[in-house]
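Trainee: Have a look at this one before I ask anything.
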Amino acid sequence: MKNAGKAIESAKRKKPFVSFEIDLENGDTLKVSHPETIIGTHGTYVLIGKEGVVSIFDEDSITQIRMKPGRAKGPKSTAKRK
C-alpha cells in the first residue's frame, strides 16, 4: 500500500481517536485500539495488541488500513442543551 506509514500516523492523530485495522500481505489483520499501542520508525512498526501480544511489521507489508465504523468511545458531554 502506497503511503501506508503516513496513513497510520494520520489515523493515530485523529481526534477523537477511532480504532482501525491493518491488513498485512500474509493475511493477518492487526487491530489498533489506542494510538499509544503502535509506534513506528524508518518504515518498521511495533504494535502491542490485546493480552500483550507484540507484532512487528514493515510498512511495505501493509495491504490496507481500515477505520472502524462508529463513534469513538470517550467521556460523554455533561453540558446541558438549551
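The values are calculated or read from the model by the stated rules, or taken from the named source; none is laboratory data. Because the structure is predicted, anything quoted here is derived from the model rather than measured. All Cβ positions, glycine included, derive from the backbone under ideal geometry; neighbour counts span all protein chains shown.
Trainee: Counting only residues that are in contact with a strand residue (DSSP E or B) (Cβ under 9 Å, 6 or more places away or on another chain) and free of Cβ contacts under 8 Å to residues at least 24 places away in the same chain, how many does segment 35-46 have?
Mentor: Adding up the residues that qualify gives 5.
Trainee: So in segment 1-17, with the set limited to residues that are of a type in the set (Gly, Ala, Ser) and touching a residue at least 40 places away in the same chain (Cβ under 8 Å), which one is farthest from Ile62 (Cα to Cα)?
Mentor: Ala11
Trainee: Can you tell which of Glu25, Glu51 is modelled with pLDDT under 95 and out of contact with any His (no Cβ under 9 Å at 6 or more places or on another chain)?
Mentor: Glu51
Trainee: Within segment 7-21, is even one residue modelled with pLDDT under 90 and of a type in the set (A, V, I, L, M, F, W, C)?
Mentor: Within segment 7-21, none of the residues are modelled with pLDDT under 90 and of a type in the set (A, V, I, L, M, F, W, C).
Trainee: Okay, next question. Which residues, taken from segment 41-68, are loosely packed, with under 10 Cβ neighbours inside 10 Å and hydrophobic (A, V, I, L, M, F, W, C)?
Mentor: If the condition is that a residue be loosely packed, with under 10 Cβ neighbours inside 10 Å and hydrophobic (A, V, I, L, M, F, W, C), then Val53, Val54, Ile56 are the ones that fit.
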